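Enquirer: Before I ask anything, here is the structure I am working with.
The values are calculated or read from the model by the stated rules, or taken from the named source; none is laboratory data. Since the model is a prediction, treat every value here as computed from it, not as a measurement. No Cβ is skipped: glycine too gets one built from the backbone with ideal geometry, and neighbour counts run over all protein chains shown.
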Amino acid sequence: MAAAVQLRRDYDGNRLRREAKRSADAAQTRRLLALALIYDGGSRTAAAKIGGVGLQTVRDWVLTFNIEGPSGLVNGKAPGATPRLNGEQRGALLKILESGPIPAVHGVVRWRLIDLAQWVWEEFGVIVSKQTLSRELRAAGYRKLSARPRHYAQNAEAMVAFKKTSSPA
């Protein structure tokens, strides 16, 4: 059986309890109290029970605490997935969006998300869904706008004459 990883010597149980009392993060408080128990001579099994975790997790807390101190016991924000498009590709996409499609080259008269996704695939070899592309364009300040369809033979004067007018009350 391997020896337990020692806690850093510049802290003690009372100091960790004070840190836990000042903490606004519940998870950090729980971890600090579990480590305070270890400082006071308690077993790691008892610390795991206080923390509601297993022994391996307590060991991870000790390692993190030894390197970063109490601030290392705060849950960090998950990094998330890496973006599909890098800055250069995003710039090229916005440039082609601003210039508009060339019907003879692109085969479309206006850009749709699916057309832009196809262009990104052909240009960069990156698969981008319509939803992701929409999110990228919205982040760049673009909104989906489409003109209301109008019949080519619509007559404005005939529309005004056709409107019903009610008599004044």
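Enquirer: Which of the residues belonging to the stretch 75-88 are surrounded by 12 or more Cβ atoms within 10 Å (Cβ to Cβ) and on the phi > 0 side of the Ramachandran plot?
Expert: Passing the criteria: none in range.
Enquirer: Scan the stretch 1-17 for residues that are surrounded by 12 or more Cβ atoms within 10 Å (Cβ to Cβ) and either within 28 Å of the chain's Cα centre (by Cα) or free of Cβ contacts under 8 Å to residues at least 24 places away in the same chain (or both) and jot them down.
Expert: Passing the criteria: 15, 17.
Enquirer: While we're here: In the stretch 1-20, how many are part of a loop (DSSP other than H, G, I, E, B) and of a type in the set (Gly, Ala, Ser)?
Expert: Initially, the stretch 1-20 is screened for residues part of a loop (DSSP other than H, G, I, E, B), giving 1-12.
Next, from what is left, pick out any that are of a type in the set (Gly, Ala, Ser): 2-4.
Residues in the stretch 1-20 being part of a loop (DSSP other than H, G, I, E, B) and of a type in the set (Gly, Ala, Ser): 3 in total.
Enquirer: Here's a follow-up. I need every pair where a residue in the stretch 30-56 that is without any contact (Cβ under 8 Å) to a residue 12 or more places away in the chain has its Cβ under 7 Å from the Cβ of a residue that is surrounded by 14 or more Cβ atoms within 10 Å (Cβ to Cβ) and among the charged types (D, E, K, R), sequence separation at least 6 or different chains.
Expert: Listed by first residue and then by second, the contacts come to 55/44.
Enquirer: Which is part of a helix (DSSP H, G or I) and out of contact with any Ser or Thr (no Cβ under 8 Å at 6 or more places or on another chain), of 64, 82?
Expert: Details: 82 fails: part of a helix (DSSP H, G or I).
After applying the criteria, what remains is 64.
Enquirer: Need the failing condition index for residue 136 against (1) part of a helix (DSSP H, G or I); (2) modelled with pLDDT under 90; (3) of a type in the set (D, E, K, R); (4) surrounded by 10 or more Cβ atoms within 10 Å (Cβ to Cβ), just the number.
Expert: (2)
Listed here are the residues, each with its yes/no results for (1) surrounded by 11 or more Cβ atoms within 10 Å (Cβ to Cβ); (2) more than 26 Å from residue 138 (Cβ to Cβ).
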{"residue": "24", "(1), (2)": "no, yes"}
{"residue": "30", "(1), (2)": "yes, yes"}
{"residue": "37", "(1), (2)": "yes, yes"}
{"residue": "50", "(1), (2)": "yes, yes"}
{"residue": "60", "(1), (2)": "yes, yes"}
{"residue": "73", "(1), (2)": "yes, yes"}
{"residue": "90", "(1), (2)": "yes, no"}
{"residue": "99", "(1), (2)": "no, no"}
{"residue": "108", "(1), (2)": "yes, no"}
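Enquirer: Tell me, yes or no, whether the stretch 33-53 has at least one residue that is farther than 30 Å from residue 117 by Cβ, of a type in the set (Gly, Ala, Ser) and within 29 Å of the chain's Cα centre (by Cα). Give the steps one after another, and end with the answer.
Expert: As a first pass, look at the stretch 33-53 and keep what is farther than 30 Å from residue 117 by Cβ: 33-53.
Filter again for of a type in the set (Gly, Ala, Ser), leaving 34, 36, 41-43, 46-48, 51-52.
Those left that are additionally within 29 Å of the chain's Cα centre (by Cα): 51-52.
Within the stretch 33-53, one or more residues are farther than 30 Å from residue 117 by Cβ, of a type in the set (Gly, Ala, Ser) and within 29 Å of the chain's Cα centre (by Cα).
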